[in-house]
Amino acid sequence: MASVTLALFALLTATPATPAARPSAEEVLRVQCRTWAADPKNPWALAHGIALDGRAFKARDGRPAANVILSDFLRREGTGPDMDLRFDTFAPDGTPVEPHPNLLVKTLLLAGYAPSQSFQASGGPVTLGALVEDLKRDFRRESALSPHGAWTLDALSQALPPGATFTNGAGETIHLDAVMDEALALLEHEQAELLAGMKAGLPQVPKRKQGIYAHPCGGLHLFQAVASHARHAAVRKAWGARLDAQVDVLFYRLGSESRQYDAALTSAPPAYRLPVLVQMVKFYGHFLETLGRYREETGWKPTPEQRQSVEQARALLDGAVRRLEAAGAYRDMESLKATQYQLYLDLIGDSCHAAHGWSYWRKYLGG
């Protein structure tokens, strides 16, 4: 079983009981997400609000967040059926728009919008289905299987049934199942060092930006894309033990990474502790979200040992949130925006993912 270091887990569980009036860590994350992700000038942030609250999420100006994203940030190039629909990677002022290709389309699909859903965009209405067709035209295997390709893979799997084929703009016939088989092989390759460490009984595998750690968010979006495709019974049967092994690796990562965060908090100078705490929220939140999606979409049932690890992840996330509160991070967002912009963005996006991850387990585990 992946377990946290005794020192850190004892510290978390020894925290005095929370006063009744004090908001839970989950509520702190929800407030943080809903407050700062509602910026109508930041479509990346709006997408994270949608990830938490779905189609109900609204921008601060009262408009549905999805409408803001499409009306204010979608660009059209050309005309006719081959018209190019695209989002910039970043706005001129550095605000992220779509830093990972197809993040916004994937977000709308997971929020449950139908392909026929029409949005008013610059130059006229556009449907989600048209955006999916544009994704298919632009699809290139080498990009989809790169560190930034997870959102494209997830979007395709959500939009198309197993066995689907399509032709991209280069005239190549793309077989969805073959692409997702390659995505599983990529996940196996990138997590091979962790699998070896798990099999050898090593307490941890150091993070050096190698393998899965070269991917955004520690590769957990790649895991989500692959695992989500296994919601189809035929895919689950075909992958079988291969996917089960990757789930085991994810649980191993919980213990491996928690030990390293514990050591970093102990040894880092005060100025470096805030980024460590934010990284903890990123990993523990994505861990809960990834396994929560997997359970909900595929019917996977964690073993008692795995349930205990999920409980540990919630305790670790709670501890990191409480420390961020004590450090004043959530109160100093405007200051962070001006001085440490990436940290400011992380505190928005990772709060949304963590709150979303927590929600998957609240009813299942209680609390």
| query | Here are some conditions: (1) assigned to a helix (DSSP H, G or I); (2) in contact with a helix residue (DSSP H, G or I) (Cβ under 6 Å, 6 or more places away or on another chain); (3) under 30 Å from G163 (Cα atoms). A238 meets all but one. Which one does it not meet? | reply | (2)
| task | With the checklist (1) in a helix (DSSP H, G or I); (2) surrounded by fewer than 21 Cβ atoms within 10 Å (Cβ to Cβ) in hand, flag the one item Q312 doesn't pass. | result | (2)
| From the set of residues in segment 266-277 that are touching a residue at least 40 places away in the same chain (Cβ under 8 Å) and surrounded by fewer than 20 Cβ atoms within 10 Å (Cβ to Cβ), which is farthest from S157 (Cα to Cα)? | R273
| message | For the condition farther than 21 Å from Y360 by Cα, among the hydrophobic types (A, V, I, L, M, F, W, C), at pLDDT below 95 and in contact with a helix residue (DSSP H, G or I) (Cβ under 9 Å, 6 or more places away or on another chain), what is the one hit in A38, A7, A66? | response | A7
| field | Options V205, V249, V226: the member that is under 21 Å from Q158 (Cβ atoms) and among the aliphatic types (A, V, I, L, M) | value | V226
| remark: Note on segment 325-349: residues among the hydrophobic types (A, V, I, L, M, F, W, C) and in a helix (DSSP H, G or I) are A326, M333, L336, A338, L343, L345, L347, I348
| said: With the requirement that a residue be in contact (Cβ under 8 Å) with a residue 40 or more places away in the chain and either touching a strand residue (DSSP E or B) at 6+ places or on another chain (Cβ under 7 Å) or not in a helix (DSSP H, G or I) (or both), what does segment 109-125 give you? | reply: A111, G112, Y113, P115, F119, Q120, A121, S122, G123
| request: Quickly run through segment 126-160 and pick out the residues that are farther than 26 Å from H286 by Cα and without any contact (Cβ under 8 Å) to a residue 12 or more places away in the chain. | output: E133
| note | Picked from segment 315-328 (must be of a type in the set (A, V, I, L, M, F, W, C) and touching a residue at least 60 places away in the same chain (Cβ under 8 Å)), the residue surrounded by the fewest Cβ atoms within 10 Å (Cβ to Cβ) is A315
| Residue identified as touching a Ser or Thr at 6+ places or on another chain (Cβ under 7 Å), touching a residue at least 12 places away in the same chain (Cβ under 8 Å) and surrounded by fewer than 22 Cβ atoms within 10 Å (Cβ to Cβ) among K41, K58 | K41
| Out of (1) touching a Ser or Thr at 6+ places or on another chain (Cβ under 8 Å); (2) of a type outside the set (G, A, S); (3) under 30 Å from R75 (Cα atoms); (4) surrounded by 18 or more Cβ atoms within 10 Å (Cβ to Cβ), what's the single condition that is false for V205? | (3)
| said: List the residue pairs whose Cβ atoms are under 9 Å apart, where the first residue sits in segment 68-97 and is farther than 22 Å from K136 by Cα, the second is at pLDDT below 95 and assigned to a loop (DSSP other than H, G, I, E, B), and the two are 6 or more positions apart or on different chains. | reply: D72/S122
| query | Conditions: (1) more than 23 Å from the chain's Cα centre (by Cα); (2) modelled with pLDDT of 95 or more. P269 meets all but one. Number of the miss? | reply | (2)
| request: Report whether or not A214 is closer than 24 Å to R141 by Cβ and out of contact with any helix residue (DSSP H, G or I) (no Cβ under 8 Å at 6 or more places or on another chain). | output: no
| field | Qualifying residue in segment 253-260 (condition: assigned to a helix (DSSP H, G or I), surrounded by 22 or more Cβ atoms within 10 Å (Cβ to Cβ), in contact (Cβ under 8 Å) with a residue 24 or more places away in the chain and out of contact with any Phe, Trp or Tyr (no Cβ under 7 Å at 6 or more places or on another chain)) | value | yes
| task | Please give the helices (runs of 4 or more DSSP H) falling wholly within segment 145-212 in which 2 or more residues are modelled with pLDDT of 95 or more and over 22 Å from the mean Cα position of the chain (by Cα). | result | 176-190, 192-200
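The values are calculated or read from the model by the stated rules, or taken from the named source; none is laboratory data. In this text, all values refer to a predicted model and were calculated from it rather than measured experimentally. Virtual Cβ from ideal backbone geometry, glycine too; neighbours counted across all protein chains shown.
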